[in-house]
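Participant: Input: one structure, supplied below.
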Amino acid sequence: MAEENVKEKVVDIICKLLEVPREKVTMEARYAEDLGADSLDTAELVLEFEDVFKISVPEDAEGRIRTVGETVKFIEEELAKKKAMAS
Amino acid sequence: METFLDLGGRVAVVTGGARGIGAEICRLLHSLGACIATMDLNREGVEALAAELSAKGPKAAGYGVNVADPAQVEAAAEAVLKDFGKVDVLVNNAGITRDNVLIRMTDEAWDLVLNVHLKGTFLMTRAFARPMLRARKGAIVNMASVVGIMGNAGQANYSAAKGGIIALTKTSAKEFAGRGIRVNAVAPGYIATDMTAAMSQEARDAMLKVVPLGRPGTVSDVASAVAFLASDRAGYITGQVLQVCGGMLM
């Protein structure tokens, strides 16, 4: 999956699930503080990311991911790891 | 004619549907218009019930599932979504008893009863809440028992499991309320089923003495309460325990 594609998809998912306008979902946006997500929202987001990108997000990773940009970075890294393992 | 309770177009998942209260819940929800996906360890039992229901109304299917097994529950959730496309109602009814006085109760009897009732309810809720969260709509009804509130000599495992289900009901009600999902429990008292028929005559007589309405409850009494809580008629009710016990506990 190309880099732009991951970013695009992540933003799509966030907009849909949190019902926030696209312009608010910047790479610096924090889920709780800037996007108004509660703990169930973030749990739903994690499940959605896992489904869409076919990755698994360990519990300890959830605490490290606070912004949209960090999410994109994490997913790209996971996808790269998967690709490396497959080849 | 518009009926008071209408579940037309809804998909209801019912565990422990092969016999007793669970089978009656399947029949009643189906008669109110719901499609039924029912699960039980006894696969032949739920398949037979599903075939009987399908023949005379909305679609029904039976699945052989051990609700205490996470992998089986996940697979069942996938199968139901594939077969029915959505889930509107979840009734966590599956249960067993392994009664004994506490000091003679084995670890196995404790673990088995806690796993089927409490862990099973947790696993099913976790698996099936997801499509409900996505839909921003749903109703979950958990089978508790009055002994989960008042205790019962000889049922340390069962009463602890049922008490746990009540707490789980309230917690999931709070977590899901903002997403349009209601979670309630039904707490039957002394109900005439295969499970209570296994009790001694003496124990049954003693129970009836403390039931103000003077009769054992029927599976239909319990199913009616479940149907109400599963329906939109209970739209403002969540986190509650509805006792169906003939006044045994007030």
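Participant: When only residues in the range B:100-127 that are β-branched (Val, Ile, Thr) and under 30 Å from residue A:51 (Cα atoms) count, which is surrounded by the fewest Cβ atoms within 10 Å (Cβ to Cβ)?
Facilitator: Applying the filter and picking the extreme gives B:116.
Participant: Looking only at the range A:36-87, how many residues end up being at pLDDT 90 or above, under 9 Å from the mean Cα position of the chain (by Cα) and of a type in the set (A, V, I, L, M, F, W, C)?
Facilitator: Total satisfying the criteria: 7.
Participant: Run down B:189, B:239, B:214 and say which single residue is buried (at least 18 other Cβ atoms within 10 Å of the Cβ) and farther than 19 Å from residue B:12 by Cβ.
Facilitator: The match here is B:189.
Participant: Another question, then. Looking at residue A:20 and the list (1) of a type outside the set (Gly, Ala, Ser); (2) assigned to a helix (DSSP H, G or I); (3) more than 14 Å from chain B (Cβ to nearest Cβ), which single condition is not satisfied?
Facilitator: The one condition residue A:20 does not meet is (2).
Participant: Search the range B:54-81 for residues that are in contact (Cβ under 8 Å) with a residue 24 or more places away in the chain and pair each with any residue that is of a type in the set (D, E, K, R) and surrounded by fewer than 23 Cβ atoms within 10 Å (Cβ to Cβ) when their beta-carbon atoms are under 6 Å apart and the residues are at least 6 apart or on different chains.
Facilitator: B:61/B:83; B:62/B:47; B:64/B:43; B:68/B:119
Participant: Can you pull out the residues in the range A:23-44 that are within 14 Å of chain B (Cβ to nearest Cβ), assigned to a helix (DSSP H, G or I) and among the charged types (D, E, K, R)?
Facilitator: A:41, A:44
Participant: Taking the range B:208-238 on its own, how many of its residues are touching a Ser or Thr at 6+ places or on another chain (Cβ under 8 Å) and farther than 20 Å from residue B:18 by Cα?
Facilitator: 1
Participant: If I filter the range B:139-167 down to residues being out of contact with any Asp or Glu (no Cβ under 9 Å at 6 or more places or on another chain), part of a helix (DSSP H, G or I) and buried (at least 21 other Cβ atoms within 10 Å of the Cβ), which single residue comes out as nearest to the other protein chains (Cβ to nearest Cβ)?
Facilitator: Only one residue fits best here, namely B:165.
Participant: So, one more: Please pick out the residue among B:89, B:101 that is hydrophobic (A, V, I, L, M, F, W, C) and over 20 Å from residue B:182 (Cα atoms).
Facilitator: Criteria check complete, one pass: B:101.
Participant: For residues in the range A:45-62 being acidic (Asp, Glu) and over 13 Å from residue A:10 (Cα atoms), which is nearest to the other protein chains (Cβ to nearest Cβ)?
Facilitator: Checking each candidate, the answer is A:59.
Participant: Still on this structure: Can you tell me how many residues in the range B:168-224 are within 14 Å of chain A (Cβ to nearest Cβ), closer than 16 Å to residue B:90 by Cβ and either more than 17 Å from the chain's Cα centre (by Cα) or of a type in the set (Ser, Thr, Tyr) (or both)?
Facilitator: Residues meeting the conditions: 7.
Participant: Please determine, by comparing only the residues of the range B:1-45 that are farther than 21 Å from residue B:139 by Cβ and of a type outside the set (Asp, Glu), which one is surrounded by the fewest Cβ atoms within 10 Å (Cβ to Cβ).
Facilitator: Residue satisfying both the conditions and the ranking: B:1.
Participant: Hey, another quick one. Applying the selection to the range B:226-250, what residues are over 12 Å from residue B:213 (Cα atoms), within 14 Å of the chain's Cα centre (by Cα) and not polar (S, T, N, Q)?
Facilitator: Result: B:226, B:227, B:228, B:229, B:230, B:241, B:242.
Participant: Okay, moving on. Within the range B:168-187, track down each residue that is part of a strand (DSSP E or B) and touching a Gly at 6+ places or on another chain (Cβ under 6 Å).
Facilitator: Residue satisfying the conditions is B:181 alone.
Participant: Among the residues that make up the range B:222-241, is at least one of them out of contact with any His (no Cβ under 7 Å at 6 or more places or on another chain), touching a residue at least 60 places away in the same chain (Cβ under 8 Å) and in a strand (DSSP E or B)?
Facilitator: yes
Participant: Another one. Only one of (1) within 28 Å of residue B:213 (Cα to Cα); (2) within 16 Å of the chain's Cα centre (by Cα); (3) of a type outside the set (Ser, Thr, Tyr) fails for residue B:160. Which number is that?
Facilitator: (2)
Participant: Is it the case, given these coordinates, that residue B:127 is within 14 Å of chain A (Cβ to nearest Cβ) and at pLDDT 95 or above?
Facilitator: yes
The values are calculated or read from the model by the stated rules, or taken from the named source; none is laboratory data. Nothing here was measured: the structure is a model prediction, and the numbers come from that model. Backbone-built Cβ (ideal geometry, glycine too); neighbour counts: all protein chains shown.
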